[in-house]
Amino acid sequence: MLTAPATAVSIFHREDTREAFASWAAELQAAAERAPGFDSALVSHPDATNFEWAAAVSFDSEEHLHAWLDSPERARLLRQGDAHGHHRISTDLVVIEGSAPSTGVGIIAHDVANGRQDEFLRSQQELVDLSAGFSGFEGAVLLGPGRPSDAVLGDSASRWLSVLRFRTDRQLSAWMQSDARSAALPELRKQLTGDFSVITHSTPFGSIVRVEDGKTQVTPDWKT
């Protein structure tokens, strides 16, 4: 999930019950599985109120992803979801391999040590609580392992991704570089097998900023 060539994350208001949302989202996932190029799917509906509910789906190409997003079957299921109170917060977040995320969106990958998932979730909740106090914060989604082959990395860790949404790149950057976030990171790192990786946004000079193992890497647009 989010490591496939093309992924869409649909984010929903926390309405109705978790069970009702999960049941409807399972229908959406089953329909996506029948579409050409389907790779994987994941539904996220954590109890913690500081995370939004989401349904993510990945395909083997951007073309196949958009074919699914534009399909009559998906449109029918979304209308059905609206009728039952499952309303999307915004347009779908589309992530294409080699391209920057949407404006104001940060994607952070964590390899969580086995047995430390509960502590990791608490650390994530604390980080989201802190980020919510910054100007422009719009929401956060936490995505866990999406399929059995993703669940274990070297028999020692599971891959989790957090998706942060701010109104602008500048506001996202203010949070990412803040003293409050820096002070909270040592506790988070205790739950990981290594440092996290960040894919943030296009810089004003048309480059993609990534942070991997504590080192900033900049990829010019012409290489993506």
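The numbers here are math on the coordinates, done by the rules we state, and not lab data. Everything quoted here is computed from the prediction, not taken from an experiment. Cβ placement follows ideal geometry from the backbone for every residue including glycine, while neighbour counts extend to all protein chains displayed.
Can you compute the FRET efficiency between K190 and I96 using 1/(1 + (r/R0)^6), with r the Cβ-Cβ distance and R0 = 41 Å? Round to the nearest 0.05.
FRET efficiency, K190 to I96: 0.80.
Can you work out the FRET efficiency for the pair N114 and A75, with r the C-beta to C-beta distance and R0 = 30 Å, to the nearest 0.05?
0.15
F137: net charge of surrounding residues, Cβ under 11 Å, Lys/Arg +1, Asp/Glu -1, itself excluded?
That works out to 0.
Taking 0.36 nm per intervening residue step and subtracting the Cα-Cα distance, what contour gain separates D129 from A83 on full extension?
Value of the extension gain: 13.5 nm.
Under the Karplus relation 6.51 cos²θ - 1.76 cosθ + 1.60, θ = phi - 60°, what is the ordered set of whole-Hz ³J(HN,Hα) values for the stretch 101-118, x standing for Gly and Pro?
Result, ordered by residue: x, 5, 3, x, 10, x, 10, 10, 9, 10, 9, 8, 5, 4, x, 10, 5, 5 Hz.
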